[in-house]
Amino acid sequence: MNNILLLDWDSEFFKEAVGKIIGDFFIEKSNIADLKKEIDNKKVNILYYYQKLTYENLDVLIKNDFSLIDIEVDFVADLKKDSETNSEVVDFFTVKDKVDLVLLENQFVNLSVFSRFYKDRRFRESSANLYKKWFENSVSKKFCDYFFIILDGNIPKGFTTAKIIDSETVDLLLIFVDPKYRNEGIASKLINHNFGYFKKLNYKKCLSKTHLTNKPILNCYIKQGFKIQNIKQIFHYRK
């Protein structure tokens, strides 16, 4: 079997071998023994598994120490011709020296409490450091290609990061609005700016994802024209 991809970045961060199940592999009684052999052969200690929303194999997963951590909603939006950029939104990399980076790092850390790693009690203590690393790799442009921000002086009111998938597709990775500035339409301004900016660069669609329990972002995405593409269960396995 060759259904597990080893994840170098995650393995380095957690100081353990981390992998994820790839492709459309579906865990069931007939293949769980072979999968466990592959886990042992590749010396994997932590394994991520995503599957489409179903409960037909839940008994197999539970018996073999897979924990259901979250339910993820995948979105896609077609970039329309009338998408416009917003003058309040600026490119982070052009104003980086003017931004309160300590506060921005804290905002990244605040996002960690919504992550699947925070929801998994075995990773909860590591989740804040994980998002600090995400911050470092975002401001250095390692984790993202686009980073847009709305400022109040040097204070980030909200931001988004995005990454190029291919010549037609961009993935909106993160969106955050500081609680002090909520109910000002910040999220809508950021999303619309991303749409307008990407459209000018001839991208055709924008992807994003969030968790089923994140009702404010779910509502915001749907309001801004995102369509639900897929709903997946996220399982973690740890020896």
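What follows draws every value from the coordinates through simple rules; no lab data is involved. Keep in mind that this is a model prediction, so the values were computed, not measured. Please note: Cβ atoms are built from the backbone with ideal geometry, for glycine as well, and neighbour counts cover all protein chains shown.
State which entries of Lys15/Lys36; Lys63/Lys239; Lys96/Lys223; Lys42/Lys163 exceed 23 angstrom in Cα-Cα distance in the structure shown.
Lys96/Lys223; Lys42/Lys163
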By how many degrees, 0 to 90 and rounded to 10, does the Cα axis of helix 124-139 deviate from the longest principal axis of the chain?
-> 50
Indicate, rounded to the nearest 5 percent, the antiparallel portion of the DSSP beta bridges found entirely in the range 77-231.
-> 85
First measure r as the distance between the Cβ atoms of Asp34 and Ser140, then evaluate 1/(1 + (r/R0)^6) with R0 = 45 Å and state the FRET efficiency to the nearest 0.05.
-> 0.65
What aspartates and glutamates sit close enough to Lys29 to cross-link, taking a C-alpha to C-alpha distance under 20 Å and skipping anything fewer than 8 places away on the same chain?
-> Glu38, Asp40, Glu56, Asp59, Asp65
Cβ-based charge dipole, the range 4-64, positive-most Cα from Gly23, Ile46, Trp9 | Ile46
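Sorted from fewest to most neighbouring beta carbons within 10 Å, what does the list Thr213, Thr161 look like? Present the calculation step by step, with values, prior to reporting the outcome.
Values: Thr213 12, Thr161 26.
Going from least to most buried by this count: Thr213, Thr161.
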Putting +1 on Lys and Arg Cβ atoms and -1 on Asp and Glu Cβ atoms, find which of Phe123, Ser87, Pro179 reaches farthest to the positive end of the dipole of the range 77-231.
-> Phe123
